[in-house]
Amino acid sequence: MKPASDALRALLAGNEFVVADLYTFTLVDGEALRWTSFDVDVTANGNSFSSGARSGPFFDRKDNKAKAHWKLGVEVDTLTFDVVPGDALVNELPFLEACLLGAFDGAELQLERAFLPPIAPGAPLPLAASAGTVILFVGRVAEVDLGRSLATFTVNSHLELLNLQLPRNLFQSGCVNALYDDACGVSRASYQVSATVSSWQPDAGVIATAYHASPGSWFDQGSITFTSGPNEGFARTVKTSSTDGASFTNITTTQPFPFDPEVGDAFLLLPGCDKSLGPGGCPKFNNAARFKGFPFVPVPETAV
């Protein structure tokens with residue numbers, strides 16, 4: 001049974017009300033986006049929910065696949081719904097483009113149902129859900145499938161957080177610590193490097209910077225994060241880094257950035273770790289004492 005206020009129970013008992021679904025997306029940066037599927041804007045619990053009736057986005061949960069599934073036990077509940085973007089913007093980007101660039105990756109969603117008294121002609125807007133709301137679903141966005149004219153969201157309940165591998169640490173040859181975490185102990189600030197784009201080779205996907213890395217492979221398996229330019233805020237894993245003479249370092253990423261880097265764009269570089277006791281692992285950071293791997297564990301083909 002879902003909790004409801006006394007005022008809401010009294011409204012439902014009268015059998016005269018209208019229904020509005022309220023969607024609250026909380027992005028990973030903390031920004032909250034609030035929309036309603038109702039024809040006009042609605043205020044509830046001190047928050048204002050914008051209606052997409054005129055410009056979008058439009059929410060559809062009536063399709064055969066757009067359903068919520070609740071199950072007993074610890075099986076993960078799911079919610080699926082379609083969004084027709086209309087002219088809606090997210091972070092000043094068109095809705096579908098923002099989805100493509102990962103704006104909703106890992107975002108929290110809360111779906112509420114507001115019950116409002118019958119709307120009288122000339123009623124002031126936005127309508128207020130003074131009787132309260134009922135929370136239908138809470139979870140994290142798991143997947144966004146994009147089409148030419150709509151986006152299909154799949155949201156998993158927080159029960160998916162129980163899908164953890166146990167035991168937490170496995171016996172494996174490589175170090176189980178994550179570079180720069182508390183168990184690793186390596187200071188991110190001590191190894192972070194600020195640099196700018198000196199040139200961009202689009203055919204090879206190579207970013208050249210005047211910073212000279214020694215050795216040339218210093219940033220292999222590390223990361224690059226732009227702090228200015230069209231790619232500001234976007235990060236990628238460094239596939240390889242190499243030196244060009246004694247002046248430049250060439251950076252190749254595992255995946256391209258959404259926009260072409262421009263000369264002068266600033267970025268941050270972090271070296272990576274291959275999680276071994278070799279020159280590309282813990283000794284690279286003078287951190288062999290915190291190595292948490294088992295290099296002499298036999299490979300599965302030889303284990304008995």
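Laboratory data are not the source of any read-out in this text; all were calculated from the coordinates shown. Since this is a predicted model, take the numbers as computed values, not measurements. Don't worry about glycine lacking a Cβ; one is built from the backbone with ideal geometry, like all the others, and counts go over all protein chains shown.
Relative contact order (percent) for the chain, with alpha-carbon contacts under 8 angstrom and 6 or more residues of separation? Please report the intermediate quantities before stating the final value.
Working: 637 pairs, mean separation 44.3, N = 304.
Computed value for the chain: 15 percent relative contact order.
Hey, if you put +1 on the Cβ of every Lys and Arg and -1 on every Asp and Glu Cβ in the chain, which of Gly174, Asn47, Gln192 ends up farthest toward the positive end of that dipole?
Gly174
Just tell me the longest site-free run in the chain, where the sites are chymotrypsin sites (Phe, Trp or Tyr not before Pro) in a DSSP loop having at most 13 other beta-carbon atoms within 10 Å.
That would be 172-295.
Mean residue ellipticity at 222 nm from the helices of the chain, using -39,500 (n - 2.57) per DSSP H segment of n ≥ 4 over the full residue count, to the nearest 500 deg cm²/dmol?
The helix-only estimate for the chain comes to -1500 deg cm²/dmol at 222 nm.
Find, to one decimal place in angstroms, the Kirkwood hydrodynamic radius of segment 188-290, where the mean of 1/r is taken over every pair of different Cα atoms and then inverted.
Numbers: mean 1/r = 0.0725 Å⁻¹.
Across segment 188-290, the inverse of the average 1/r is 13.8 Å.
How much length, in nm to one decimal, is gained on full extension between Arg290 and Val138, taken as 0.36 nm per residue of separation minus their Cα-Cα distance?
Gain in length upon complete extension: 50.8 nm.
If r is the Cβ-Cβ distance from Ala235 to His212 and R0 is 35 Å, what FRET efficiency results, to the nearest 0.05?
0.95
Pairs of Cα atoms under 8 Å, at least six residues apart: use those to get the relative contact order of segment 6-162, whole percent.
28 percent
Rounded to the nearest 0.05, what FRET efficiency do Asn169 and Glu108 have when you use their Cβ-Cβ distance and R0 = 25 Å?
Numbers: r = 28 Å, r/R0 = 1.13.
After rounding, the FRET efficiency stands at 0.30.
Assuming R0 = 25 Å, what is the FRET efficiency of Phe17 and Arg54, from their Cβ-Cβ distance, to the nearest 0.05?
The value I calculate is 0.55.
Taking 0.36 nm per residue of separation and subtracting the Cα-Cα distance, what length does fully extending Thr225 through Asp87 add? Working shown, then result.
Details: separation 138, 0.36 × 138 = 49.68 nm, distance 2.99 nm.
Contour length minus Cα-Cα distance gives 46.7 nm.
Would you pull out the residues with amide H under 5 Å of Ser51's amide H, same chain only if 5 or more places away, H placed 1.01 Å from N?
Sorted by chain and number, the residues that satisfy this are Thr36, Asp41, Val42.
Report the label-to-label distance for Asp244 and Ile119 in nanometres (one decimal), using points 7 Å from each Cα along the Cα→Cβ vector.
For Asp244 paired with Ile119, the spin-label model returns 6.1 nm.
Stretched out fully, how many nm does the piece from Arg61 to Leu162 gain, at 0.36 nm a residue minus the Cα gap?
Result for the pair: 33.7 nm of gain on full extension.
Rule-of-thumb check for the chain: C-alpha Rg over 2.2 N^0.38 Å?
Expressed relative to 2.2 N^0.38 Å, the Cα Rg reads 1.32.
Could you give the longest part of the chain that holds none of the trypsin sites (Lys or Arg not before Pro) found in DSSP loops with at most 12 neighbouring Cβ atoms within 10 Å?
Looking at the chain, 169-304 is the longest stretch - no exposed trypsin sites (Lys or Arg not before Pro) with at most 12 other Cβ atoms within 10 Å.
If you place +1 on the Cβ of every Lys and Arg, -1 on the Cβ of every Asp and Glu, and leave all else neutral, what size is the dipole of the chain about its Cα centre, to the nearest 20 Debye?
820 debye
So what is the relative contact order for segment 188-290, in percent, with contacts set as C-alpha pairs under 8 Å and at least six apart?
Numbers: 232 pairs, mean separation 33.2, N = 103.
Reported relative contact order: 32 percent.
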